[in-house]
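Presented below is the structure to which this report refers.
None of the figures in this text is laboratory data; all of them are computed from the coordinates on show. A quick note: this is a predicted structure, and the numbers were derived from the prediction, not measured. Methodologically, a virtual Cβ is constructed for each residue, glycine included, from the backbone with ideal geometry; neighbour enumeration extends over all protein chains shown.
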Amino acid sequence: MTSNLQEEQITRAKYLPLRVGPSAGKKIDVTSALCLSEELVKIIKRDEQRNKQENKRMKQREKDFEALQNEKDTLQKENKKLESKCQQTDELLEVIQTLKTENNKHKEDLKRKQVDVSSLTEHTSEDSSEPCISNVEENPGEVIPNVPDLSDPNRAMKLGEKYNELFDNEWTDALETLCRDGVDEDRNIKNLLDVLQKCYSLCQDLSEKQMTSLEMVLLNPGASVTPTNTNYPKQVWGDAMISKSTYKQLKDCRKEVSQKAVGNIFKEHARAKLGWIAEDIPDFVKGCIEVCWLMCTQDPPVFIGSEADVGSAFDGNVYKPYTISGTIVSYNVWPPLLLHKNGPLLVKGIVQPIKVPRAKKNTEESKHKTTVVADRLKKNFGETYNSPYGQKSTQRETATKPTKYYEKAQLDRNFTSPPREKYYNGSHTGKNYEELRSHNAVEARGSPVHLTTHSSNYGSRHEPYGTTTQTNYHQDVVRHTSEPYKFEYRGRTYVYKNDHAYPMKEYQQIFGTTRGVSDL
């Protein structure tokens, strides 16, 4: 472009006249002017052609730009559609997740309801069902009793779950709190069981008094309801009786305010009924009162079963083991829960069982083995040996080999045998031992035994009267499996008997005495 312009300027300069001073009015050459005009026309045409080409290019660029703009708009629209679809997908996923959770809840509710129905069908007899049907036919407005309301959040099955949660959570925390003072764990377990039983008896008493007070207010509005006159029988304060439907409505009203009543029961009666322990473990006491009060407000009331007898056989159908398995009940930890009084089992109780090994039978085979051992001892040593089955052997009268060495003596199964020599030398060890035993000089089961004996050795013909030697024996304490002894472990006293360690209290409860228990 720059080179073309320079050429045009040069050509124009050639044909333009020079105006210098007064000679400006001279005539212009026509031929040169025509050439100049032709050149100018060519330049103008060339510029027009260039402008046209530039315009075409600009139009083409505008079209491309519009196409790109349209493509951008379409892409933005598609992007918006995709975003809306993604949002809808997320919403659908959330809906699916909520539906899954609701479905799982419904499945769990269905299982619980099936358990409720099965428990009712199993424990409902034909005799009890016929009066209910006749009752409905006679009084269609009344509600059939003993049928659980599945919409009730505090029905029997739910109370069973709360009963288990009370043991798993509050009971464990309360036991840890009480054991911090260094008190025995078994004693604290019994204290917690006593707290539950007292809370249950308190709630039973308050429930009966509350229903009596409500009936009195309905039948005799002018009568004053005090703790003294609520214990009177119904015949004293009124002859009329309220209907079953009204009585059912009273119980339903009491259920609705049962949660509020729990706090008032704890404030008014916990300290007086339980004492100091209500302040040390308030969460456990509140939990016991809540569960027991909700149990008492049911129709029929949920019932806490009786405790297992200590020393009785462990029943796995009613109880669960606490920490170890066994066959004999040592102590109670948590009572079972019944659907109603004398009703089916709702929740298993917890006890601590122990294992009691069976006594070995004294068979003919064991007797034969013992007599064989006794005969072998008589043959090898020739000493006076008192067999546990009454057999005696005679002492040898001939001279024996000189004494070489002695082995450590071991007590026999009755703790009465004398020390034995490796090679018998005709000493009077057996006799001396029996004499010392008769004077209770050797019979000490709890400590080692030291014994001194004198013997005569006939080593050669030059010593006709023998040489008197003195031998010292040492008997270690050898405990038999049937001998009980006590020891301490982590601050607790145990009794070891028959390859089993019993706590001292359990041993006394099972065997009835602690006599014969020696120290370690």
Of 198/248; 105/198; 107/286; 107/255; 113/244, which ones are farther than 29 Å apart at the Cα? 105/198; 107/286
Ordered by packing density, taken as the mean number of other Cβ atoms within 10 Å over each peptide's residues, highest first, how do 484-490, 270-276 rank? 270-276, 484-490
Which residues' amide hydrogens lie under 5 Å from the amide hydrogen of residue 320, considering only partners 5 or more residues apart or on another chain, with H built in the peptide plane? 349, 350, 351
What is the extension gain from residue 67 to residue 29, computed as 0.36 nm multiplied by their sequence separation minus the C-alpha to C-alpha distance, in nm to one decimal? 8.0 nm
